[in-house]
Amino acid sequence: MNPTGNTILITGGGSGIGAALAQRFHDAGNTVIVAGRRLAALEDTVAGRANMHAIELDVDSAGGVADFARRLLAEHPAVNVLVNNAGIMRFETLDQARDLSDAEQTIATNLLGPIRLIDGLVGHLSSQPGAAIVNVTSGLAFVPLVATPTYNATKAAMHSYTVSLRAALRGRVEVIELAPPAVQTGLTPGQESRPGYQPLDAFADEVMALFARQPTPAEILVERVRGLRFAEAEGRFDATMAQLNDFAAKARGG
């Protein structure tokens, strides 16, 4: 992926990882469009920055995504990079029947949303120079957190989808996976200051250093996530899963 001179769309750009990366990509000399449900938050991300733009987007609506793609390309026909970052994480219990609305919304936002947006933009991106798609997954795609089963499943699905997409678009669009570890963001209540999670600025700085490598790695993996990514291949899966879930439970308990 070219480090500069792109027009980049980042979903979920009103807070957390999306906002941090949007501002860093802008600082690197790119035009950046942030998209998400909350226009006020998006406007905070772009405030005072030329060549940064905010557009409302609800990835849960198939019609809304299609309409967004049309509006986006009419306003910003030079878009050549898509970063699928928007996502939600909900705690669920699996040992009893429950209301499945959290699970259903997680699938709609984290899995169907990126698939719909890729579908709406893939034809355009395939014709653009230096085109790239970046799918944000998670270390939990590789070692699950028991308390967030549907979130883990959507991220594992996006990992698999990204592998297929990379092969399908080879030679036309560069396809990159970004798998974060636990980062201090507002993804779940209290996570912004949760002990043991990677500070957002440190994470974003490390990610941008990896994006600056040429060629860009197919998987953007900061040091803190590598233990999860390769746990199964290295024969550490069961021990890593136990350690992860014990750490997460203690961190949430304060």
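The values are calculated or read from the model by the stated rules, or taken from the named source; none is laboratory data. Small disclaimer: the values here were computed from a predicted structure and weren't measured. Here the Cβ is made from the backbone with ideal geometry for all residues, glycine too, and neighbour counts use every protein chain on show.
Quick notes
- Pick from the range 24-42, criterion outside any helix (DSSP H, G or I) and at pLDDT 95 or above, ranking: farthest from the chain's Cα centre (by Cα): GLY29
- Pairs linking a residue in the range 67-88 that is farther than 16 Å from VAL34 by Cβ and in contact (Cβ under 8 Å) with a residue 60 or more places away in the chain to a residue that is of a type in the set (D, E, K, R) and part of a helix (DSSP H, G or I), with Cβ atoms under 9 Å and 6 or more positions apart or on different chains, are ILE88/ASP102.
- Checking HIS26 against (1) more than 24 Å from MET158 (Cβ to Cβ); (2) buried (at least 22 other Cβ atoms within 10 Å of the Cβ), the condition it does not meet: (2)
- Verdict on THR154 being more than 24 Å from ALA212 (Cα to Cα), touching a Phe, Trp or Tyr at 6+ places or on another chain (Cβ under 7 Å), in contact (Cβ under 8 Å) with a residue 40 or more places away in the chain and surrounded by 20 or more Cβ atoms within 10 Å (Cβ to Cβ): no
Matching residues to (1) closer than 26 Å to GLU232 by Cβ; (2) touching a Ser or Thr at 6+ places or on another chain (Cβ under 9 Å); (3) surrounded by 13 or more Cβ atoms within 10 Å (Cβ to Cβ):
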| residue | (1), (2), (3) |
| --- | --- |
| ALA74 | no, no, no |
| ALA78 | no, yes, no |
| VAL83 | no, yes, yes |
| ALA86 | no, yes, yes |
| ILE107 | yes, yes, yes |
| HIS124 | no, no, yes |
| ALA141 | yes, yes, yes |
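- The range 206-254, residues that are farther than 19 Å from ALA147 by Cβ, free of Cβ contacts under 8 Å to residues at least 12 places away in the same chain and either acidic (Asp, Glu) or in contact with a strand residue (DSSP E or B) (Cβ under 9 Å, 6 or more places away or on another chain) (or both): PRO215, GLU234
- Residue under evaluation ALA132, criteria (1) surrounded by 18 or more Cβ atoms within 10 Å (Cβ to Cβ); (2) small (Gly, Ala, Ser); (3) under 16 Å from ALA248 (Cα atoms), criterion not met: (3)
- Residue-level check: of (1) closer than 30 Å to PRO215 by Cα; (2) touching a strand residue (DSSP E or B) at 6+ places or on another chain (Cβ under 7 Å); (3) aliphatic (A, V, I, L, M), ALA50 misses just (2).
- Residue among ARG170, ARG224, ARG213, ARG229 that is under 30 Å from VAL122 (Cα atoms), of a type outside the set (Ser, Thr, Tyr) and surrounded by 13 or more Cβ atoms within 10 Å (Cβ to Cβ): ARG229
- Taking the criterion of being of a type in the set (S, T, N, Q) and not in a helix (DSSP H, G or I), the only residue of the range 147-174 that qualifies is THR148.
- When GLU177, GLU92 are checked against the criterion of being in a loop (DSSP other than H, G, I, E, B), in contact (Cβ under 8 Å) with a residue 24 or more places away in the chain and acidic (Asp, Glu), GLU92 stands alone in meeting it.
- Residues satisfying the stated conditions in the range 215-241, i.e. under 17 Å from the mean Cα position of the chain (by Cα), part of a loop (DSSP other than H, G, I, E, B) and among the hydrophobic types (A, V, I, L, M, F, W, C): ALA218, LEU221, VAL222
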